Amino acid sequence: AQGMGASDIAAAVITGRTWLMVPEPFKVVLKGEPAKWINGKDVALKILGEFKADYFNGMSIEVEVEKPRAFPMDYRATVSNMGIEMNADALMFVPDEETVNYIKTMRGYEPPVVKPDQGAKYVDAYTIELDKMEPLVAAPHSVDNVRTAREAEGIEVDQVYIGSCTNGRISDFEVAAKILKGRTVKTRCIAIPASYKMFKQAMELGYVETLVNAGCIVTYGTCGPCLGGHFGVAGPGETIVSTSSRNFKGRMGSVDSKVYLAGPAVAAATAATGKITDPRDLE
């Protein structure tokens, strides 16, 4: 799939045709197992911080996971979701047993597997050692303005948003619930599952109850504050930590607000303290 703007889509609807250039492939290899609290969002931010948002224009990003079980489908969905923020034409994971098992479980059939050709050539390659990663954030007002959570630590926050299509899956809510269990949030915290199915599952597993007991507001699946629509729109002068995909000026509401992007662990730790916090510092 390729991300397109409204004009491109409108032209395709009217004419039934569109123009596509075959993208050049770029390879990313994920080695080892994720360090504690590292999520797919951290991997996406790592790539963005290293190469910047315009580097991958006209490219497709192919991600190979060295240890498939160590990087589950929820994490992969988050990285893939952020591919459009990298300006890539596409971002895909090389299918492996984790992919096949997921589709068999969700859809009841074993899919055909298509893998890169032997000796396939790439524009370049980049290796990420997952076990050496630290929790990351993207500071205002760009997705590639990346630094470690500890480098941003101590910045006071008016609201935390956990959820969206980027980080509103069960594993994200599990992480948030683990960190906030037995704690009370020190700032506004809104949690929005990615779908009704995720919402129902999070209730069944007790994650919603844990978040509500911590003082979070949990709503049904909606885009909500991510695009400055409703359920937590940023006010003038407010600082937000969000697990969504974009932190452009005015994206979540007021043009005078600031948005830091992060994974669910940093977001939940920040909600617990009221200021940007590395989750490792709460252990």
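Scanning the range 21-34 for residues that are over 30 Å from Val137 (Cα atoms) and exposed (fewer than 14 other Cβ atoms within 10 Å of the Cβ) turns up at least one hit.
Among residues of the range 2-41 being basic (Lys, Arg) and at pLDDT 95 or above, the one that is nearest to Val175 (Cα to Cα) is Lys36. Based on what the data block shows, is Ser254 closer than 28 Å to Ile47 by Cβ and polar (S, T, N, Q)? No: the conditions fail for Ser254.
Quick check on Val43: is it buried (at least 20 other Cβ atoms within 10 Å of the Cβ) and of a type in the set (A, V, I, L, M, F, W, C)? When the stated conditions are applied, Val43 passes them.
In the range 231-260, the residue that is surrounded by the fewest Cβ atoms within 10 Å (Cβ to Cβ) out of those that are touching a helix residue (DSSP H, G or I) at 6+ places or on another chain (Cβ under 6 Å) and closer than 20 Å to Arg169 by Cα is Phe231.
With respect to the conditions (1) charged (D, E, K, R); (2) within 17 Å of Ile190 (Cα to Cα); (3) modelled with pLDDT of 95 or more, Arg251 falls short on a single one, namely (3).
Restricting the range 178-193 to residues that are surrounded by fewer than 24 Cβ atoms within 10 Å (Cβ to Cβ) and of a type in the set (A, V, I, L, M, F, W, C), the residue that is farthest from Ser245 (Cα to Cα) is Val185.
Applying a threshold of 6 Å to beta carbon distances and a minimum spacing of six or more residues, or different chains, the list of pairs starting in the range 1-19 at a residue that is under 21 Å from Ser60 (Cα atoms) and assigned to a loop (DSSP other than H, G, I, E, B) and ending at one that is aliphatic (A, V, I, L, M) and at pLDDT 85 or above reads Gln2/Ala90; Gly3/Ile84; Thr18/Ala12. Of the residues making up the range 247-283, those that are among the hydroxyl-bearing types (Ser, Thr, Tyr) and either within 15 Å of Pro225 (Cα to Cα) or under 19 Å from the mean Cα position of the chain (by Cα) (or both) are Ser254, Ser257, Tyr260, Thr270, Thr277. Taken together, the criteria place Arg251 among residues that are of a type in the set (Lys, Arg) and under 24 Å from Ala138 (Cα atoms). Just one residue in the set Val185, Val208 is within 17 Å of Ala268 (Cβ to Cβ), touching a residue at least 40 places away in the same chain (Cβ under 8 Å) and outside any strand (DSSP E or B); that residue is Val185.
Out of Arg169, Arg183, one residue alone is farther than 27 Å from Arg69 by Cβ, of a type outside the set (Ser, Thr, Tyr) and assigned by TED's automatic domain parsing to the domain that holds Thr219. It is Arg183. Restricting Ile38, Ile61 to residues that are touching a residue at least 60 places away in the same chain (Cβ under 8 Å) and either farther than 21 Å from Ala262 by Cα or not assigned by TED's automatic domain parsing to the domain that holds Val266 (or both) narrows the list to Ile38.
Does at least one position in the range 195-208 carry a residue that is surrounded by fewer than 19 Cβ atoms within 10 Å (Cβ to Cβ), more than 21 Å from Leu45 (Cα to Cα), basic (Lys, Arg) and at pLDDT below 95? For the range 195-208, residues surrounded by fewer than 19 Cβ atoms within 10 Å (Cβ to Cβ), more than 21 Å from Leu45 (Cα to Cα), basic (Lys, Arg) and at pLDDT below 95: present.
Among the conditions (1) surrounded by fewer than 24 Cβ atoms within 10 Å (Cβ to Cβ); (2) under 18 Å from Lys41 (Cβ atoms); (3) at pLDDT 95 or above; (4) among the charged types (D, E, K, R), the only one that Arg169 does not satisfy is (1). Counting only residues that are surrounded by fewer than 14 Cβ atoms within 10 Å (Cβ to Cβ) and either within 20 Å of Glu66 (Cα to Cα) or of a type in the set (D, E, K, R) (or both), the range 93-121 holds 13 of them.
The values are calculated or read from the model by the stated rules, or taken from the named source; none is laboratory data. Computed from a predicted structure; not experimentally measured. Quick reminder, even Gly has a Cβ in these numbers, built from the backbone with ideal geometry, and neighbours come from all protein chains shown.
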